[in-house]
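Please treat every number below as a calculation from the coordinates, not as lab data. Small disclaimer: the values here were computed from a predicted structure and weren't measured. Because the Cβ atoms are built from the backbone with ideal geometry, glycine has one as well, and the counts that use them run over all protein chains shown.
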Amino acid sequence: MSSAELTPEVARRPFTGRRVRFGDLSLQVVAGLAAAGATVLVALIAWKIVDGASPSISKFGLHFITRVAWNPVVGREVFGAGSFLFGTAVTSLVALALATPLAIGVALFLSELAPRFLRGPVTSLVETLAAVPSVVIGLWGIYVLGPILARHVEPALHDALGFLPIFGTPSSAGPSIFTAIVVLTMMILPIVASIMRELFISVPRELKEGALALGTTRWEMVRGVVFPYARGGMAAALILGLGRAVGEAIAVTQVIGGGVGIHANLFNTGDTLASKIAASYQGAATNLEIHSLIYLALILLVFSLVANLSAQWVVRRVARRQGIGLNRGGLG
Amino acid sequence: MSAHGITQADVRAVNLPRRRVVNRTMELLAWLAALVAVAFLFLIVWSVARKGASQLNLDLLTKTPSVGFFASGKSGIANAFAGSLVIVALATAMALPVGILVAIYLSEFAPAAIRNTVSIALDVLNGIPAIVIGIFVYGLLVLGHGQSGLAGAFALACIMLPLVARATMEVLALVPSSLREASLGLGVPRWRTTLSIVLPQTIGGVVTGTVLAVARVAGETAPLLFTSSIVGSKVSWNPLHALQTIPVAIFELSDSADPADHARAWAAALVLLLFILATSLAARWLATRQRRRLSTSR
């Protein structure tokens, strides 16, 4: 407590009422302005994006969202988000479907199974995976992962499951929607796993021990006690993971290859909302294309708002219900 | 077999061998999942280290990219190192004071309703995709004025702000309220208590949070693509012009047709990765130290 300047001199110095009030007021006003600024910033972002997209909104309206076209040729300009929405939905939903069981496994390992000497190091390693910049993961995706998938994994999947349209003709070079899915899986796995680990750790010990004492196996304890207790938080974690996958621009741009169109074949190239914006950074042909790119950003913004607020809503609702549920359990 | 708890059927000692097998299988799958996650990290780090180390030399840090007719083997990305330094430093200078003030207001002054609203705003800001932040700053500062390092720094500051504010709020909550009460009880006014009694206690946590935020934005590419990417090859320290940065350089080099560029991209990725690993480790060390100090002072 040596750093705290509570020497007798300080304490004895007389504070007049006005000085006290002035000092309190100014700190409160300055800090309050900063807090107001942070809130206004969110509103400013929303306003600027809507404002930037408005020429495209007034030209294409809501049809923009479903139209599958991106033609910047002057005079015949047509823009639509349909194919990018499709690309975003496919990549992020499949990535989430692949990452979810892995994340649950990692979180259970770290919270229930791992021997003490592995727990700390593996937790750090998983957090480090989350800290790897997306541009580095993208670089690795282009030159290491992409070729491996194109040469070995995609032909194998095509041969074994080729009757399914999603496993069509393998890509020739490496860039494909499939590569983007694998990259996104790697990127959201550590995020979802870390949140779930904390959820699983927060399950009261007596509930777990009670289940084990009743004679359940460890897995039955997890299914019967840990999952129901953490269900709401797990849903929120998945929503946040989905939001991260949808918003990821750089790594996806590097490995997805680009292109307009809706194909069932995962081994085709494609684009997501975010990757289309990022890929256009070196300039657009016309102003209308710029406004249409901002329209794409608007769709992303709306999605991230909905995802975030619904995750918070789920957490709050479950917290309330769980409180009641636990009380009732205590009385019974 | 209800999802809402353990039923009698789950616990009855029937079919014990099968239940044991299921349990074993699930445990094995969890081990495998952990192995996969760790393997992902090692695959990336190993590739970057192997392909980057051979290219890592002083030229990378000191030479500028050679272009066109005069292109030679000896070129580096010195301009990107200078630009990253300037932009990240500026972003920290913008986000750190505002973030701390926001946290002070929310933890020490704000009524509950305002605290909830601003908290939600911070969470929302944290959830907005980086590329959307980039487009926002493009519309706000770049359209009509041109790209600049300053615009890039502002975009990164938008990403840092919720991280710094959240980290500061977490440590402010750890400061024992007896300390505040002792100070207020001695007649020290509220602002003085906050600034010279409470805030010094949180320095360790604030530094940790800031270091983690710096590590995060140092690797961000998306906010800079539209704000500070159209650059020359000279080393520049002037934030009023567009500055090259390491992540944007990797992004551009990885897309190039020239294999020599790919090699430089790997080397730059190795430098970036080493920087981020070092800062994360430093932050973790600081965090454990801080936690020990706070728990002994109680």
Just to be sure, is B:Leu106 touching a Lys or Arg at 6+ places or on another chain (Cβ under 6 Å), surrounded by fewer than 21 Cβ atoms within 10 Å (Cβ to Cβ), closer than 27 Å to A:Ile49 by Cβ and facing chain A (nearest Cβ under 8 Å)? no
If a residue must be buried (at least 23 other Cβ atoms within 10 Å of the Cβ) and either in a loop (DSSP other than H, G, I, E, B) or in contact (Cβ under 8 Å) with a residue 40 or more places away in the chain (or both), how many such residues does the stretch A:270-283 contain? 8
Expected single match for basic (Lys, Arg) and under 22 Å from the mean Cα position of the chain (by Cα) among A:Arg116, A:Arg151, A:Arg197 is A:Arg197
Is there a residue being closer than 30 Å to B:Phe109 by Cβ, in contact with a helix residue (DSSP H, G or I) (Cβ under 8 Å, 6 or more places away or on another chain), crowded, with 17+ Cβ neighbours inside 10 Å and not β-branched (Val, Ile, Thr) anywhere in the stretch B:233-243? no
Go through the stretch B:102-119 and give me each residue that's among the polar types (S, T, N, Q), within 14 Å of B:Leu161 (Cβ to Cβ) and in contact (Cβ under 8 Å) with a residue 24 or more places away in the chain. none
Mind checking whether some residue in the stretch A:65-79 is within 25 Å of the chain's Cα centre (by Cα) and buried (at least 21 other Cβ atoms within 10 Å of the Cβ)? no
Pairs needed: first member in the stretch A:22-41, within 7 Å of chain B (Cβ to nearest Cβ); second member anywhere, among the basic types (Lys, Arg); C-beta distance under 7 Å; at least 6 residues apart or different chains. A:Gly23/B:Arg192; A:Asp24/B:Arg190
Report the residue count in the stretch B:33-58 for those that are of a type in the set (Lys, Arg) and at the interface with another protein chain (Cβ under 9 Å from one of its Cβ atoms). 1
Out of everything in the stretch A:284-314 that is within 7 Å of chain B (Cβ to nearest Cβ) and of a type in the set (S, T, N, Q), what residue ends up being surrounded by the fewest Cβ atoms within 10 Å (Cβ to Cβ)? A:Gln312
Residues being over 15 Å from B:Ala30 (Cβ atoms), within 9 Å of another protein chain (Cβ to nearest Cβ) and surrounded by fewer than 19 Cβ atoms within 10 Å (Cβ to Cβ) - total across the stretch A:211-227: 2
